[in-house]
Structures are given as structure tokens and as C-alpha cells.
1. Would you confirm whether or not segment 284-304 contains a residue that is without any contact (Cβ under 8 Å) to a residue 12 or more places away in the chain and either in contact with a Pro (Cβ under 9 Å, 6 or more places away or on another chain) or not hydroxyl-bearing (S, T, Y) (or both)?
2. Picking from T287, T293, T276, which residue would you name as being more than 21 Å from the chain's Cα centre (by Cα), surrounded by 19 or more Cβ atoms within 10 Å (Cβ to Cβ) and among the polar types (S, T, N, Q)?
3. For segment 143-177: of the residues being outside any helix (DSSP H, G or I) and over 22 Å from the mean Cα position of the chain (by Cα), which is surrounded by the most Cβ atoms within 10 Å (Cβ to Cβ)?
4. Select from segment 337-358 the residues that are of a type outside the set (S, T, Y) and within 25 Å of A210 (Cα to Cα) and write down the one among them that is surrounded by the fewest Cβ atoms within 10 Å (Cβ to Cβ).
5. State the number of residues belonging to segment 89-120 that are of a type in the set (G, A, S) and in a strand (DSSP E or B).
6. Checking the structure you have, find out if any residue of segment 143-151 is in contact with a strand residue (DSSP E or B) (Cβ under 7 Å, 6 or more places away or on another chain) and charged (D, E, K, R).
7. Give just the number: which of (1) at pLDDT below 90; (2) closer than 29 Å to G354 by Cα does V307 not satisfy?
Amino acid sequence: MPENIEAVGFFKRKDIEISFKRYVQDALSAMALGLFASLLIGLIFKTIGEQMINIPGFTDKTWIVAFLILVGTTAMSMMGPAIGVAVAWALKAPSLVLFASAVTGAMGATFTGFGIDVSGGPAGAFVAVAVGAEFGKMVSKETKVDILVTPAVTLIMGGIAAKLIGPGVGWCMLKLGDAIMIATEWQPFWFGIFIAVIVGLVLTAPISSAALCIMLGLSGLAAGAATVGCCAQMVGFAVISFKDNGVGGLVAQGIGTSMIQVSNIIKHPWILLPPTLAGAILGPISTCVFHMTNNAAGAGMGTSGLVGQIMTLTDMGFTMPIFLKILLLQVALPAIISYIIYAVMRKMDLIHDGDMKLEM
């Protein structure tokens, strides 16, 4: 018993907490920030540069075009280090562990395993950083040569995880994503509903839908349904809570995140129904009627920073018909359907004024 108490005290002193909140809510959400600061913003810059080539007077040699493509490509290649720093920060790693985690993130994203010719990718980076950071925290400031021991332990343990665990995890995530995409092609109606609802709920929950979709490598119809589901949550909450939160809430949720409604959802669960039903309705419309697609980078973003819309255009083409489809399916219909369901639920006395009020 005393040994157990001592071990618990050690982990508490080192702020090592193996829990759903620390790893799924905190670390996975931080991972999404790392992805946005590297892969997502890089892809946006690269896309803008490539599309500028279609403007008269611009070529791939024009300095602004070449610069945007260079910045975008470089940012995308730094996904692993960005995830490393973000996840280590969420795990409350001390400075030396935090800095070394940039390297473990890169290893986790790029290392292949023994007999597995697949790199760990984002999932591998997450695993490598988590393992390396926790071991690094254990030895941090425990020796007189901390500047050597702490980063060394972080790198060694993170490297072992990157080589032995990361590729397997990355492979499993990609295979699961492949299965989801194949199933969506096979049964676009039912999986359109399933994906739109699940990914939309993940976006509103304190978990990262962006990180989930990127780790799964979702693309095609499945990614299109995921995008619509996320848009339904964000646009839906923005519209139905307008009376409570005004323009500020409309913007914060419409191009920010519906996650800020979590505390209200816990207190008033009925408010989650309008945007969720809107997603369930629009999912199969996206897959079966409009055949909307997207890439993994935009699938879990919804209307956050308009990344979902930019990536839809990137995947489907920068044309007016595609733009109008996006406007209808990802903005107008989520707003209209969510508001109709919300109005009915108000008449049924299930939703009341103030239920979605945000502390802003």
C-alpha cells in the first residue's frame, strides 16, 4: 500500500494523468490545432497559389504564386513537429520535453514499422509524442544533467513508440477509413446519415473531428457527408441560438466552432437535436443527390474558418455550380432545417429562451 501511495504521489507531482479528458479531450483537441497550424493552413496557401496560375498574368514562376506554394508545401511537411509541440503542450510537458516533442512528432509521422510499409502519419505522431512526453516528464528535473537526460529520454521513448507502435496505429486508422469510404460507396444513403451524424457530434463534443477525419484519411463521398454533418452543427447552432447570442454568437459558432455550446448541451440536451437531425437529413442528400466529395483535411472542419468549403472546392473544382452546391448544402439548408426543427421544439416547450446563451 505505501508503495502505491508513493507511486500515485509521484505521478501527481509530475502531472501525469492517464484519463479520457487528458488524452482525448485535451491532447486530441490540441492535435487539431497543430494540424491547423501546419497541414491545413499549408494546404490552403498551396491551393491559393495553384489557383492563381489560372488568372491571366500569373504563372508558376510569378513570385507571389511561387512563394505561396513554397510556404504551403513547407507548412504541410511540418505536420509532425506541429502535432508534437501541440500534444506535448496539452500534456503539460516542461520546456525540454516540449521542445524534444517536435522531433518525436516528426518521427511518429514519418517512421515506418517492421514489416509495415506505412508511416505513422498523424496518428503515429500522436502516439509517439504521448509516450515520449510522459516518460520525459518522469525524468524532468530529477538529475543534475537535466539538459541531457530529459530530451534524451523523450527522444528515445518517443522514437521507440514511433517505430513499434505508430505505423501499426496509422495503418489501422487508414484501413478503418478505407472501410468507411467503401461502405459509403456501397450504401450512400445509410452511411450518409451515419457519417454526417457521428462526425458532426464529434465536432460539437470536446473532441477533434478534424483530427479524426485526417487520421482516418477520409475522402470522396464519406468526406462530403462528414463535411455536411459538421456544417449542420456549426451553422445550425449559430442560427438557432441567434436570439440568445446575437451576431457575436452567430460568428463564433458559424465560422468558429459549435463546441462552445457543450456546457449548455449538458444542461439542456434537447438543444442538440435540431442541428443533429439537420445533419441526418442532409447526409444522404449530399451522398445520393449532389454527390458531394471532400478531402481528409476539410472533412471534419465544417465551416470553421471556411476550411471545409475551400477544401470542397479544391476537391471538386473551383466552378460556379460547385460553389452553389456548397452554398446550398453547407450553409443555407443547415440553417433552414435546423431552424424549422428548433421552432417546432419551441412550440412543444422543449427548448426555451436562454437555453443556448453563451458567456461571451
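1. Within segment 284-304, one or more residues are without any contact (Cβ under 8 Å) to a residue 12 or more places away in the chain and either in contact with a Pro (Cβ under 9 Å, 6 or more places away or on another chain) or not hydroxyl-bearing (S, T, Y) (or both).
2. Exactly one residue qualifies, and that residue is T287.
3. T143
4. Checked segment 337-358; the qualifying residue surrounded by the fewest Cβ atoms within 10 Å (Cβ to Cβ) is L358.
5. Matching residues across segment 89-120 total 2.
6. No; the residues of segment 143-151 include none that is in contact with a strand residue (DSSP E or B) (Cβ under 7 Å, 6 or more places away or on another chain) and charged (D, E, K, R).
7. Result: V307 passes all but (2).
Condition check ((1) assigned by TED's automatic domain parsing to the domain that holds G105; (2) among the charged types (D, E, K, R); (3) modelled with pLDDT of 90 or more) across all residues:
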{"site": "P151", "(1), (2), (3)": "yes, no, yes"}
{"site": "A162", "(1), (2), (3)": "yes, no, yes"}
{"site": "S219", "(1), (2), (3)": "no, no, yes"}
{"site": "A226", "(1), (2), (3)": "no, no, yes"}
{"site": "I255", "(1), (2), (3)": "no, no, no"}
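The values are calculated or read from the model by the stated rules, or taken from the named source; none is laboratory data. Because the structure is a prediction, the values reported are computed rather than measured. Heads up, the Cβs are rebuilt from the backbone with ideal geometry, glycines too, and the neighbour counts pull from every protein chain shown.
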